[in-house]
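The values are calculated or read from the model by the stated rules, or taken from the named source; none is laboratory data. All values reported here derive from a predicted model rather than from experimental measurement. No Cβ is skipped: glycine too gets one built from the backbone with ideal geometry, and neighbour counts run over all protein chains shown.
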Amino acid sequence: MVKAAVLGASGGIGQPLSLLFAVSGLVDELSLYDVVNTPGVGADLSHINGKAKVTAYLPPNDGLQKTLEGCDIVVIPAGIPRKPGMSRDDLFKINAGIVRDLVTGVAKYCPKAFLLIISNPVNSTVPIAAEVLKQHNVFDPTRLFGVTSLDVVRASTFVAAVVGGSPTEYTVPVIGGHSGETIVPLLSQVSPKVDIPEDQLDALVNRIQFGGDEVVKAKDGLGSATLSMAYAGFKFAKSLIEAAGGKSGIVEPTYVYLSGVPGGEEVKEAVGGLDFFAVPVELGPNGAVKATNPLPQVTDYEKSLLKKCYEGLEGNIKKGVEFITAQGSKL
Ligand SMILES: NC(=O)c1ccc[n+]([C@@H]2O[C@H](COP(=O)([O-])OP(=O)(O)OC[C@H]3O[C@@H](n4cnc5c(N)ncnc54)[C@H](O)[C@@H]3O)[C@@H](O)[C@H]2O)c1
């Protein structure tokens, strides 16, 4: 039996993500939570003749508790998305509190669930989640994941646009964080190997780092990526569920707390002591099994990208941690 919950299920990401779960055949129960409209989304999805039983809750009458009890996997896309001209960091003020409160629920009602954070700024909301779980003495770093899969999905698509072939052919390691210059695609380590013409390298890297802006601009005030994000988030969740079910050899880039994941200390040393960083992580029955370290093979060009990444990430991580530690025992 697998029970999954989507928190923020009525939103632009939440609805298609819930649809993908409902039709996947991977979960037995799908529990939806939002501050608005979950009865409607739940009723709609419940008519699909899939195997998942769909339940839906709003905050009153212990809605969050009922959503989370018995959950094996919780995905959080709750919060506000970007408008044109906003960075992901601009979302911090509102989304930090939303993530704090929802993760408090996870700590209380399903502390052993895999927890996937989509709400931006991921660079800071994952440290917030870790601090909340720590305060409740239930932090297991092998079960907390910042979802950076959309950067990986975009990278394959944009690489194919430059070198030709199908986007499905290319696996691009994207490391670092999930915001602008903290996103570092390792184009020297694409599989199968590709040769990016030197005069197109900067533009390609920039497109991967700031690809989200294309969507924000095209939606013209109506939000950020939702459909591609739902696809990418579901892809990561599916990998986790399959790995938990015994499938071996699954590796996905994800933003993790390095010291708590096997292999993470080596990465931490290589990235100047940062506590959180996205690298390709092997998944297994209990979540993160091994963080791989692609840093020894990076090119000089990638080293210059990484320098900027470290600078940005350091502040983002600190901001998230301090958001919780400054609140002391108020949780
Ligand atoms: N990780 C990524 O790659 C990635 C990509 C795109 C967007 N995002 C982020 O995902 C988040 C959601 O984006 P969206 O486009 O779906 O936004 P949206 O506004 O369409 O949906 C957000 C949903 O969250 C709900 N919500 C707000 N407060 C809540 C609370 N306390 N509890 C439960 N639900 C609550 C809202 O009611 C809404 O239904 C944003 O922070 C956005 O920046 C992340």
> Which residues, counting only those in region 86-134, are in contact (Cβ under 8 Å) with a residue 60 or more places away in the chain, touching a Pro at 6+ places or on another chain (Cβ under 9 Å), more than 9 Å from the ligand (Cβ to nearest atom) and part of a helix (DSSP H, G or I)?
Replying inline: Asp89, Phe92, Ala96, Ala130
> Only one of Val281, Val251, Val289 is buried (at least 22 other Cβ atoms within 10 Å of the Cβ) and under 30 Å from Leu26 (Cα atoms); which?
Replying inline: Val281
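Only one residue in Thr171, Thr157, Thr182, Thr142 is under 19 Å from Val279 (Cβ atoms) and surrounded by fewer than 19 Cβ atoms within 10 Å (Cβ to Cβ), so which one is that? Let's see the steps before the verdict.
Values: Thr157 fails: under 19 Å from Val279 (Cβ atoms); Thr182 fails: surrounded by fewer than 19 Cβ atoms within 10 Å (Cβ to Cβ); Thr142 fails: surrounded by fewer than 19 Cβ atoms within 10 Å (Cβ to Cβ).
Result of the check over Thr171, Thr157, Thr182, Thr142: Thr171.
Select, from Val174, Val153, Val184, Val194, the only residue that is under 20 Å from Pro296 (Cα atoms) and in contact with a Ser or Thr (Cβ under 7 Å, 6 or more places away or on another chain). Working first, answer last.
On the way: Val153 fails: under 20 Å from Pro296 (Cα atoms); Val184 fails: in contact with a Ser or Thr (Cβ under 7 Å, 6 or more places away or on another chain); Val194 fails: in contact with a Ser or Thr (Cβ under 7 Å, 6 or more places away or on another chain).
Going through Val174, Val153, Val184, Val194 in turn, the sole match is Val174.
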> small (Gly, Ala, Ser), in the same structural domain as Gly320 (by TED's automatic domain parsing) and buried (at least 18 other Cβ atoms within 10 Å of the Cβ): does that describe Gly212?
Replying inline: yes
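Every residue in region 1-19 that is outside any strand (DSSP E or B) and either surrounded by fewer than 17 Cβ atoms within 10 Å (Cβ to Cβ) or touching a Leu at 6+ places or on another chain (Cβ under 7 Å) (or both), please.
Taking region 1-19 as the starting set, the residues that turn out to be outside any strand (DSSP E or B) are 1-2, 8-19.
Residues satisfying the conditions are Met1, Val2, Ala9, Pro16, Ser18, Leu19.
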> Using beta carbons and a limit of 7 Å, which pairs, at least six apart or on different chains, have the first residue in region 165-181 and closer than 27 Å to Ser87 by Cβ and the second one in a helix (DSSP H, G or I) and among the aromatic types (Phe, Trp, Tyr)?
Replying inline: Gly180/Phe210
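Which of the residues belonging to region 20-46 are part of a helix (DSSP H, G or I), touching a Leu at 6+ places or on another chain (Cβ under 8 Å) and either of a type in the set (A, V, I, L, M) or within 8 Å of the ligand (Cβ to nearest atom) (or both)? I'd like the intermediate steps shown before the answer.
So the first thing to find is which residues in region 20-46 are part of a helix (DSSP H, G or I), and the list is 20-24, 38-46.
Those left that are additionally touching a Leu at 6+ places or on another chain (Cβ under 8 Å): 21-22, 38-39, 41-42, 45.
The answer is Ala22, Val41, Leu45.
Quick check on region 56-73. Is at least one of its residues outside any strand (DSSP E or B), closer than 17 Å to Ile13 by Cα and modelled with pLDDT of 95 or more? Walk me through it before giving the result.
Residues of region 56-73 outside any strand (DSSP E or B): 58-72.
Then drop every residue that is not closer than 17 Å to Ile13 by Cα, which leaves none.
No, region 56-73 contains no residue that is outside any strand (DSSP E or B), closer than 17 Å to Ile13 by Cα and modelled with pLDDT of 95 or more.
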> Among the residues of region 72-83, is there at least one that is closer than 27 Å to Lys217 by Cβ, without any contact (Cβ under 8 Å) to a residue 60 or more places away in the chain and buried (at least 17 other Cβ atoms within 10 Å of the Cβ)?
Replying inline: yes
> Within region 280-297, can you find the residues that are out of contact with any Ser or Thr (no Cβ under 6 Å at 6 or more places or on another chain) and β-branched (Val, Ile, Thr)?
Replying inline: Val289, Thr292
